[in-house]
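Visitor: Let me give you the structure first, and then I'll get to my questions.
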Amino acid sequence: MIFRKLKRADSAGGIWGPVAVVVAGLVLLVGAPMVTGTFGLLQLTVLAALAIFALAQGFIWGFGGILCFGQSAFLGLGGYAYAVGALNMTDTTGAVALAIIVPMLFAALLGYFMFYGRISDAYIGVITLTVSIILFDLFNSTSGDIYHIGQAPLGGFNGIPSVPPLNIPGNPDAQLDTNGLWYAAMGALILCYILLKWILASRFGRVVVAIRENETRAQLLGYDPRLFKLLTFIIGAGISGLAGCLYTNWGAFISPTVFSLTMSAQVIIYVLVGGLGTLIGPILGAVGIQYLINVAGGQHVIDPNLLLGIVLVAFVLLVPQGVVPVIRAGFRRLIPAKQPSTTLAQPVSQEASR
Amino acid sequence: MDLYGLVGFNILVGIGTIALITVGLGVIYGMMKIINLAHGEFMMLGAYATYVANTHGINIWIAMLIIAPIFVGLVGLVVERCLIRFLYGRMIDTMLATWGLSLGLIGLMTSIFGNDPRGVPTPVGSFSIGHYAASLYGFVIVVVAILALAGFYAMLSLTRYGLIVRATMQNPNMAAALGVAPPTIYMATFALGAALAGLAGGVLAPISGVSPVMGAAFIAKAFITVLGGGAAIVTGTSLASGLFGFIDTFVSFKSTPVIGEVALLLAAVVMIRILPQGITGRFLRRSL
Amino acid sequence: MSVPLLEAENVTMRFGGVAAVQDVNLKLEEVELRCLIGPNGAGKSTFFKILTGQLRPTEGVVRFRGQDITGAHPHVIARLGVGIKTQVPNVFNGLTVREGIGIAAGRKKSLRHARQIVDETMELLQLSPIADRMVGQLAHGQRQWVEIATVLAQEPDLILLDEPAAGMTHEEVLRTAELIREINKKQALVVVEHDMQFIRMIAKTVTVFNRGKILIENQVEAVLADPGVRDVYLGKQAH
């Protein structure tokens, strides 16, 4: 299984790895508007939104061991919550809050039934996938005047156009331009990364990882795995909702395609390609895969779905641990001095196969 | 009174439809504990097989009842040999790989046939229930669903293959000791499940239309029904189809099909809280 | 009369028509050491799972310091002060020894206090040299001790051990026996075991299971001298 290959991935790196990532992020945050034009900046903005989405999936799957195949449900709910909120309020700050809270509430409800029902990982995958499909159908069926929330028509398959952009909190007239949106998206990505690093270093995060490693043992130590998984799931949903909010802002538009299976598959692929049990992996995975899709889509050489399918199958068969852990392991083989435990590694005991 | 007749008929067809779209998924899950996320795309392939055969002048019944299942069964065979067999015992990886397959098949069929939906003619007309007209084709769906389930049940309980399959499900090593290679059984089972998906796709093609993304319309219901039914394929699929088909059709009749689907999901989510192992995980455990 | 630490009253567990455990009564005082022995299939493992909350008995009540814990969730039982070592080691393979024990020590304690407990526990079990090794890479005996250390770091009042000596070398068994006597100075233990040599090393009071019932409960010498017990272990059925 994939998890057996994680081993050191999440505890490695110490403090300097994350600091380097944050510094690189800040350099990009400040530098990008100086070197690229409006079009490039918009491209980078959507990448940042998708990277946040990938972080959420990477957190709940790679660290929480929760197999959510329908993370797009939360992305979509966040996007719609923002659109509806922004169309009903003059200040969009409240809409941002809605975009985070609505998916969290939905995740709390769904997660309660799943985790307290103690269903297997595979069932969780199937249920979450099903939920995203049904949300897709549900929002698709909302065309017509009777489907509206306050001032916001839901618009069925066509979605909601002309969603008002973010503004400076407390000042509805100060709407963000392309540069402002970039700062917001990239800033949010950096903050989410720091937040998740902090959570993982906290006692809560350590228990979450311990539950992934051995649920029975964690339970015998007095931790309730159901509660920890539920909280992890809710955190992931909130972050996905934020990503959905930024995604909606990027196009000033939201439609049911955010709930689509392709969206859920894409985020799974980001995480799988980048590396389970890392935070930087999903970010890099998102950037790499989106780049591939853009190239393929621009050249019309290969259908994007076909490309995604091939990448997914290839990684499951050939590189199930993802790119970042493979590179890390490579480096460790080159520079062995620091971690005696990995170089003196004895054969891994076969207990896990029981 | 006529209305009750119509609603009753529609509920029957709803149950038959759900049973038909679930049985292929249920066979693979029940016997191999693999959840095939490409199930909807196998159905889609069956629909395209029917469409292509029909446009080449082959009789529609032969196209949907014979060509579609055989073609998709062969595809299943190839998929099992080239992909699934490397992943036995890795349930999650199998799900991811079949998801990749699902995306790949959608992409492939889009590249070949394009996005626009194709039609397959409905081979039978309609009949009247009092003032209401109902499609005779509903009967076809119900009959095919019953035949598929009954045929599978007969095969499990009467044939040598069925005996071996039951033994392999219970204990792979024991079957191997009896001189039967489990890989052969798994291969045949996966092909059979794929063929049943192809059959469902072929039979439903006249109603749903044929397009690369049509699978997504079915899999939500199929997944819910398999989870709800539990490990016993025939009993579980039948009972869960009955329950969910009733809920789906009844709620759809009272509101819209989408709300029917939502009701289905709610019922399933509440059910996994009460019966995490599905209906046959709790009751009728020794059934097939 | 004082409230017993652990008390099982008329506990019965049926699977289908078969009673794996039948009408068992057991009392354990504070800081007592009790061994549960019996041949395979005697019901001692089932009874152990009932005590730990992994199974809910068909009939009967289990109490911890007077509180009903029958069929309670394992994490609830753990929080009351019960530490459990399972038969197949349940450890955190992907964490280091120190991290894993820290998870156990860390619940409801300050970070500094938890660190102190971790260091002391690793010292006691001589795990300090391998503190930063991944648990998944350790040998079987070491993993057993890591699990025992994890249980001890919870600082429970009652420790339940399911076949702690299974798969250990002779020296490891000796050390484990010594360790159990050491633990028993402050904490109560229930040890399920079928290795008679091991029982001889640690036991004071022994409860013998046979066919789901308690055959005899007495001091270790008396039990081992009992002809009925010998018959049970030799495969003859005592009645």
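The values are calculated or read from the model by the stated rules, or taken from the named source; none is laboratory data. For clarity, every value in this text was computed on a predicted model and none was experimentally measured. Glycine gets a Cβ as well: all are built from the backbone with ideal geometry, and neighbour counts include every protein chain shown. Side chains are part of the model used for accessible areas, which takes the heavy atoms of the whole protein and leaves out ligands, DNA and RNA. Shrake-Rupley method; radii C 1.70, N 1.55, O 1.52, S 1.80 Å.
Visitor: What quantity of accessible surface, computed with a 1.4 Å probe and excluding non-protein components, is buried in total between chains B and A, in Å² to the nearest 100?
Guide: Chains B and A together bury roughly 3700 Å² of accessible area.
Visitor: Hey, what angle do you get for helix A:261-274 against the long axis of chain A, alpha-carbon based, 0 to 90 degrees rounded to 10?
Guide: Roughly 40 degrees between the two axes.
Visitor: Now a separate question. Go ahead and estimate [θ] at 222 nm for chain B from helices alone: -39,500 (n - 2.57) per DSSP H run with n ≥ 4, summed, over the residue count, rounded to 500.
Guide: Using -39500 (n - 2.57) per qualifying helix, the result is -24500 deg cm²/dmol.
Visitor: Could you give the angle, 0 to 90 degrees to the nearest 10, between helix A:121-140's Cα long axis and the longest principal axis of the Cα atoms of chain A?
Guide: The angle comes out near 10 degrees.
Visitor: Running Debye on region B:42-90 with equal point scatterers at the Cα sites and no solvent, what base-10 log of I(q)/I(0) appears at q = 0.19, 0.23, 0.32 Å⁻¹?
Guide: -0.60, -0.74, -1.07
Visitor: Turning to a different aspect of this structure: Residue by residue through A:264-270, how many Cβ atoms from other chains fall within 10 Å of the Cβ on average?
Guide: 2
Visitor: For chain B, report the accessible area per residue in Å² (1.4 Å probe, heavy atoms, rounded to an integer).
Guide: 40 Å²
Visitor: Need one value: the accessible area of B:S238 in square angstrom, 1.4 angstrom probe, rounded to the nearest 10.
Guide: For B:S238, the solvent-accessible surface is approximately 50 Å².
Visitor: Where does helix A:178-201 land angle-wise versus the long Cα axis of chain A, in degrees 0 to 90, nearest 10?
Guide: 30 degrees
Visitor: Shape of region B:236-283 from its Cα gyration tensor (a ≥ b ≥ c, root eigenvalues): rounded if a/c is under 1.5, otherwise prolate when a/b > b/c, or oblate?
Guide: oblate
Visitor: Further, regarding this structure: Okay, helix-only estimate at 222 nm for chain A: each DSSP H run of n ≥ 4 adds -39500 (n - 2.57), divide by all residues, round to 500 deg cm²/dmol; what do you get?
Guide: The helix-only estimate for chain A comes to -22000 deg cm²/dmol at 222 nm.
Visitor: Then there is this: Can you give the convex hull volume of the alpha carbon atoms of chain B per residue, in Å³?
Guide: 136 Å³
Visitor: Here is a further query. Taking the alpha-carbon set of the protein assembly as shown, what are its Rg and Dmax in Å?
Guide: For the protein assembly as shown, the Cα-based Rg and Dmax read 30.1, 93 Å.
Visitor: Ok, one more. What chymotrypsin sites (Phe, Trp or Tyr not before Pro) in region A:111-169 are in a loop by DSSP, with at most 15 other Cβ atoms within 10 Å of the Cβ?
Guide: A:Y147
Visitor: Here's a follow-up. How well do other chains shield peptide A:314-320, expressed as the mean number of their Cβ atoms within 10 Å of each residue Cβ?
Guide: Going residue by residue through A:314-320 and averaging, the value is 5.
Visitor: Pick out which of B:G40, B:G30, B:G89 has the largest mean-square fluctuation in a Gaussian network model of chain B, springs linking Cα atoms closer than 10 Å.
Guide: Ranking B:G40, B:G30, B:G89 by mean-square fluctuation puts B:G89 first.
Visitor: How much solvent-accessible surface does A:E213 expose, in Å² to the nearest 10, with a 1.4 Å probe and all protein chains in place?
Guide: So the heavy atoms of A:E213 present about 40 Å² to solvent.
Visitor: Something else: Filter C:K85/C:K185; C:K108/C:K204; C:K44/C:K109; C:K186/C:K213; A:K197/C:K109; C:K27/C:K85 down to the pairs with a C-alpha to C-alpha distance above 24 Å, please.
Guide: Pairs exceeding 24 Å: C:K108/C:K204; C:K44/C:K109; C:K186/C:K213.
Visitor: Related question: Would you jot down the residues in region A:219-235 that end up with at least 50 Å² less accessible area in the complete protein assembly than in the chain alone, with a 1.4 Å probe?
Guide: A:Q219, A:L220, A:L221, A:G222, A:Y223
Visitor: Please name whichever of A:G187, A:Y247, A:P225 sits farthest to the positive end of the charge dipole of the protein assembly as shown, dipole taken about the Cα centre and charges placed at Cβ: Lys and Arg +1, Asp and Glu -1.
Guide: A:P225
Visitor: Using only the alpha carbons of region B:5-105, determine the length spanned along each of the three principal axes and report them from longest to shortest in whole angstroms.
Guide: Projected onto its principal axes, the Cα set of region B:5-105 covers 47, 36, 22 Å.
Visitor: If you roll a 1.4 Å probe over region A:2-259 with all protein chains in place, what percent of the accessible area is carbon or sulfur?
Guide: 69 percent
Visitor: When chain A is treated as a GNM, springs tying every alpha-carbon pair under 10 Å, which of A:N171, A:N179, A:N158 comes out with the largest mean-square fluctuation?
Guide: Among A:N171, A:N179, A:N158, the largest GNM mean-square fluctuation belongs to A:N171.
Visitor: Just to check I understand the Karplus step: with θ = phi - 60° and J = 6.51 cos²θ - 1.76 cosθ + 1.60, what whole-Hz values come out for region C:212-223, glycine and proline as x?
Guide: x, 10, 7, 7, 7, 9, 6, 4, 4, 4, 5, 5
Visitor: Could you state the number of Å between the C-alpha centres of region B:28-65 and region A:148-194?
Guide: Measuring centre to centre over Cα atoms gives 44 Å.
Visitor: Per DSSP helix of 4 or more residues, -39500 (n - 2.57); summed, then divided by the residues of chain C. What does that give at 222 nm, rounded to the nearest 500?
Guide: Using -39500 (n - 2.57) per qualifying helix, the result is -10500 deg cm²/dmol.
Visitor: Give me a comma-separated list of calculated 3J(HN,Hα) values for region B:186-197, in order, Karplus coefficients 6.51, -1.76, 1.60 applied at θ = phi - 60°, integers in Hz, x for any Gly or Pro.
Guide: Running phi through 6.51 cos²θ - 1.76 cosθ + 1.60 with θ = phi - 60° gives 4, 4, 4, 5, 5, 5, 5, x, 5, 4, 5, 5 Hz.
Visitor: Given a 1.4 Å probe and the protein chains all in place, what does the accessible area of B:W99 round to, in Å² to the nearest 10?
Guide: Rounded to the nearest 10, the figure is 10 Å².
Visitor: Cα atoms only: what Rg and Dmax, in Å, come out for chain A?
Guide: 20.5, 68
Visitor: Another question, if that's okay. Projected area of region B:141-273, taken from the Cα convex hull and averaged over every viewing direction, in nm²?
Guide: Approximately 9.5 nm², given one-decimal rounding.
Visitor: Sticking with this one: Cα-Cα pairs above 22 Å in chain C: how many percent?
Guide: Tail fraction, whole percent: 53.
Visitor: For region A:92-161, what class follows from the C-alpha gyration tensor (a ≥ b ≥ c being the square roots of its eigenvalues): rounded when a/c is under 1.5, otherwise prolate if a/b is larger than b/c, else oblate?
Guide: oblate
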